[in-house]
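Written below as structure tokens is the structure these notes are about.
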Amino acid sequence: MNVIKNIRIRGLDKEWIFLKIPLICFWFGIFRHILSKNYKVPIPSGICKIVNCANLIEGHGLFFMIVASSLLCIMYLLDFKMKWTTLGLFSLSVIVFTSEDSSGILNRSGTFSFIFLAQSFAYWINGSNLLKLKYSRIQYSIQAVVVGYFLSGCSKLLDSGLSWPSDGSRITLQVLKSFYYHYYTTLDSTELVKAYEIVQFLTESQNILVVLLAGSLTLELFALTAAVNKSYARFYGIALLLMHIGIYYFMDILIVSFAVPMVFVMINPFYLAVFLYDKMLKKPTFPHTLKSM
Amino acid sequence: MGNRYKKFLEWGISTFGVALLYIIGVLLFNETHPFSRFPMYSNFPNWSYSFYLTDEANEIIPFSSLETTGSSVGHLYGSVSDELNIPYGSFRESEEELQQIGDRMMFVLLESNELKYKYINLYRKGFYYQNDSIHDLTVLMTSYERH
């Protein structure tokens, strides 16, 4: 029994390492990017209505944020004092992302912050049970991701009802808007050529459009089922990734705050690559496990 | 029976508890980071807006030169309209309201970016369907001159 438990723990450890390294690196990259934007928080929202976020993202506050976030990232990578480290990362994440929202750029990056709170819950609740902890810090992260998709599906039902997919013909207006956004950013006129090609394709392919929209609504509404089983979550993640690729192709929109944590948490591509490589070489995935026991 | 029910409840809490907490957070705090019901593209209205800047020769200034993006400026329009309590969409905004929103947008944009241009116009280009074909309507929101 202990042998099986140990193998499971080693497997979960490896999965956790490949989840947390890309996640924290990406989070830190976005965090630094927002801090470099010199935002002045002119339209305070959320926590920035209570705390003066402008003071925290410039001058001495900015220095503190960079030092604190760097330290917390190192502690996170070392699995050090994780109850507090994850809470600290959550707090910094809320302050900085809310500062961005409060500068008029509502990116809805809540998933990035909430993942750390979910992981913190795992450490606070299951800290005394090693196997439970190692399982739950991954499973709670999956929940933090899929709940966003579920709510997005619910919003569509609440705002448009079941007719959302069939109302989709006017998505062409959103497609145009999106491609014009890119054009006005870079003045690359190929964006406009592509925009009108896609608008024409969508106008001529209404049935395909309804099927695609109905498919993505179904995926979103049933996203919580991915929290039941980790292997199933991986397949669900691949389906969601295909949906994001479709949105990117047709609408020129990459919802980074959704797609990136989803890929790291649900698909965990680096872990998957190592796992498949081991399988290819017909090596047991965790050979050291049995030796060390 | 009681034991089975308790086990099922425990399974439910550990499998969906975190997600449930987030949903409760959304109900309590609405669109407040980190909570959101992610309403992006939850409906497809008969309008969409994009925005652009021009210089004194009416040449388009790429947003990249202001270290921002068209998408961010699009978000800014919604945030500023909400801040000023001006309902927006469907081309319902009056000229005065557009000027008010535009002035505030320019203030926010220039607050965090150094202005390299002496004169800037902010335009809104909107798209809508009429008789099954797409039309567009461009309006000047505001002009800004550096003194």
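The values are calculated or read from the model by the stated rules, or taken from the named source; none is laboratory data. Remember, it's a predicted structure, so these values are computed and weren't measured experimentally. As a convention, Cβ positions derive from the backbone with ideal geometry for all residues, glycine included, and neighbour counts pool all protein chains shown. Calculation scope for accessible area: heavy atoms of the full protein, side chains included, ligands and nucleic acids excluded. Shrake-Rupley method; radii C 1.70, N 1.55, O 1.52, S 1.80 Å.
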Notebook entry, point to check: Relative contact order of chain A: what whole-number percent is it, with Cα pairs under 8 angstrom and at least 6 residues apart?
Noted result: 22 percent
Checklist line | Mean residue ellipticity (222 nm) of the protein assembly as shown, computed from DSSP H runs ≥ 4 via -39,500 (n - 2.57), nearest 500 | finding: -21000 deg cm²/dmol
Notebook entry, point to check: If eta is 1.306 mPa s and T is 10 °C, what Stokes-Einstein diffusion coefficient results for the range B:74-147, Kirkwood Rh from Cα pairs, in µm²/s?
Noted result: 118 µm²/s
Margin query: Give me the summed buried accessible area for the B-A pair, 1.4 Å probe, to the nearest 100 Å².
Written below: 5300 Å²
Notebook entry, point to check: How big is the convex hull of the Cα atoms of the range B:1-80, per residue, in Å³?
Noted result: 150 Å³
Next item on the list: Give the relative contact order (percent, whole number) for the range A:107-179; include only Cα pairs under 8 Å separated by 6+ residues.
Entry: 26 percent
Item checked: Total formal charge among the other residues, if their Cβ is under 13 angstrom from that of B:S79, Lys/Arg +1 and Asp/Glu -1 -> -3
Next item on the list: Report the paramagnetic label zone for A:I74: residues of the range A:86-125 whose backbone N is under 20 Å from a point 7 Å from Cα along the Cα-to-Cβ axis.
Entry: A:86-93
Next item on the list: Could you work out which residue, out of B:L109, B:L27, B:L137, moves most in a Gaussian network model of chain B, that is, has the largest mean-square fluctuation with Cα springs under 10 Å?
Entry: B:L27
Check: Residues in the range A:88-105 near a label at B:D82, defined as backbone nitrogen under 12 Å from the 7 Å Cα→Cβ point?
Finding: A:101-105
Check: Lysine pairs in the range A:1-160 with alpha-carbon atoms under 23 Å apart, 8 or more places apart or on different chains: how many are there?
Finding: 18
Notebook entry, point to check: What accessible area per residue comes out for the range B:15-147, rounded to a whole number of Å², with a 1.4 Å probe?
Noted result: 49 Å²
Check: So what's the convex hull volume per residue for the Cα atoms of the range A:141-250, in Å³?
Finding: 111 Å³
Next item on the list: Compute the relative contact order of the range A:127-225 as a whole-number percentage, counting only Cα pairs closer than 8 Å that sit 6 or more residues apart in sequence.
Entry: 44 percent
Check: On the accessible surface of the protein assembly as shown, probed at 1.4 Å, how many percent belong to carbon and sulfur atoms?
Finding: 62 percent
Notebook entry, point to check: How about chain A: what cysteines have no other cysteine beta carbon under 4.7 Å from their own?
Noted result: A:C25, A:C73, A:C154
Next item on the list: Divide, for the protein assembly as shown, the radius of gyration over alpha carbons by 2.2 N^0.38 Å, where N is the residue count.
Entry: 1.07
Checklist line | GNM flexibility winner over chain A from A:G153, A:G127, A:G59 (Cα, springs under 10 Å) | finding: A:G59
Item checked: Overall dimensions of the range A:1-160 by Cα: Rg and Dmax, Å -> 17.5, 59
Notebook entry, point to check: Quick one: how many Å² of B:W11 are accessible to a 1.4 Å probe, rounded to 10?
Noted result: 110 Å²
